[in-house]
Amino acid sequence: LNDEEVIVGASELPDFESWRAMVWFGVSGAPRDLNNLVGSAGCKDGSGAGFVLERARDINRDGVILATGVSGDGARHATFKLVPQ
């Protein structure tokens, strides 16, 4: 939770095995999947491989979010710094 009452976290999917990084804009706001907010390029590594954001870990007063993700094949994990534009 930051000073603007933006909350970050994670939500477990109905399969009880997968997670998605989430953000809530305001305490009464509906949760939104961060994967849908990162733009059409999505999260890519240097090779262009895609990642799914699974957990949002922290947000600062500027709205910068730290999130963790996993590659589409589940083999590689990464930490992402998401900067709002």
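The values are calculated or read from the model by the stated rules, or taken from the named source; none is laboratory data. Given the structure is predicted, the values throughout are model-derived calculations rather than measurements. Using ideal geometry, Cβ is built from the backbone for each residue, glycine included, and neighbour counts are taken over all protein chains shown. Heads up: the accessible areas ignore ligands, DNA and RNA and are worked out on the full protein's heavy atoms, side chains in. Shrake-Rupley method; radii C 1.70, N 1.55, O 1.52, S 1.80 Å.
I need the full set of residues from the range 56-76 which are at pLDDT 90 or above and more than 16 Å from Glu4 (Cα to Cα), in order please. Give the steps one after another, and end with the answer.
Step one: list which residues in the range 56-76 are at pLDDT 90 or above, which gives 56-70.
The answer is Ala56, Arg57, Leu66, Ala67, Thr68, Gly69, Val70.
List pairs: first residue in the range 58-69 and within 13 Å of Val38 (Cα to Cα), second residue open to solvent by 80 Å² or more (accessible area, probe 1.4 Å) and among the hydrophobic types (A, V, I, L, M, F, W, C) anywhere in the structure, Cβ distance under 6 angstrom, at least six positions apart or on different chains.
Val64/Val83
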